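In what follows, a structure is listed as structure tokens, so that the remarks can point back to it.
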Amino acid sequence: MNSMSAKQDTRGAAGGHAASPTAGSWAAGTLPFIRRNAVLILLVALFVTLSVSTSSFLTVTNVINILNQNTPLAIIACAGTLVVICGGFDLSTGAIFSVAGVVAAWVAANLGSPLLGLLSAPVVGAVLGLVNGVAITRLRIHSFLATLASSLVYGGLAVLITGGFLISVGDVSFTALGRGGVGPIYYAVIIFAVFALVSGFLLNYTTFGRYVLSVGGNSEAAELSGIRVDRIKLYTFLYSGLAAGIAAAIGVSRIGSGQPQAGSGLQLLAIAAVILGGTSIYGGIGAIWRSVCGVYLLALIDNGFDILNANPFFKDLTTGVVILAAVALSAAKKGR
């Protein structure tokens, strides 16, 4: 009897231990999935909540407008993802957006060439981004301080070009990029989709992308392995400037005028979207698609509060709490 009882106890104990690994395995598999895709889960949850809460949200016009209005920010965030993954910060994208926009408007208005004006915006953006990259890699200034300083310089340059006034461009061909489209799809959305795909391809399927991840993960080890760390950093800031210039071409075309303060605050929203997307502020980790989700999560918060006529204070409060939680999660991952 004692022998039989012992056998039963052994089997019972084995059965009890068998259940724990199953539950543990489920938790171990689910929690990392939730962490990796938290921004997408939040985006879907908010989309469903707003769709149920008000009939004004889930309409073709509103959804297309949300997608279109945030394309400049999304383009900047895509390139900003590479910068942050590489271990840097670009606080000058808003100012580059302003300078590129007013240059585009000035060229179109004074040289009589709307197309040349729009094409000049990405060129100006790339040049200013290159200046940032050179300052950071050659002068050994931290990217935060270097781009903070350059943002002040570029902001002053935008005011200098315009004299503090608007530069209006009435040519229909100039506004076609920002206002026109193919059917219900705006040209801006198409440009953003192409840019996001190119950025994702660069990060995930090229040697450059692997180098960006390596430099952000451990720059010293990357340099010892033969990677030209300074060159990779320079390229990321050049790409960020290019993105700001492309976004500026869309923005100035949309409103039909160059405004020296058009990009004010844009850089902070872009960085917030990148961090919301799970890109580590310490570098080495990130994904383009998650940053895009971060952009549109912020857009849904903004749109939802507007549609529901909620107090703007609570909109800022909600946005701030969400961003703070994302940064805290990033810091917690780094700590582990």
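Laboratory data are not the source of any read-out in this text; all were calculated from the coordinates shown. On a predicted model such as this, the values are computed, not experimentally measured, just so you know. Neighbour counts run over all protein chains shown; Cβ positions are idealised from the backbone, glycine included.
Here are the numbers for the structure shown:
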read-out	value
Sorted peptide list for 51-57, 299-305, 100-106, 251-257, criterion being average Cβ within 10 angstrom, highest first	100-106, 251-257, 299-305, 51-57
Whole-number D in µm² s⁻¹ for the stretch 48-89, Kirkwood Cα-pair radius fed into Stokes-Einstein, 4 °C, 1.567 mPa s	105 µm²/s
Anisotropy class of the stretch 66-211 from Cα gyration tensor, a/c 1.5 cut	oblate
Summed side-chain charge close to Phe208 - residues other than Phe208 whose Cβ falls under 13 Å, Lys, Arg +1, Asp, Glu -1	+4
For the stretch 231-336, the fraction of alpha-carbon pairs in successive 5 Å shells from zero, as %	2, 10, 16, 20, 19, 17, 10, 4, 1, 0
Dimensionless Rg over Rh [the stretch 134-238; C-alpha; Kirkwood]	1.11
Packing rank of 175-184, 38-47, 285-294, 83-92, where each peptide gets the mean count of other beta carbons within 10 Å, highest leading	83-92, 285-294, 38-47, 175-184
D (Stokes-Einstein, µm²/s), Kirkwood Cα radius, the chain, 1.002 mPa s at 20 °C	99 µm²/s
Orientation-averaged projected area, Cα convex hull of the stretch 260-300 (nm²)	3.2 nm²
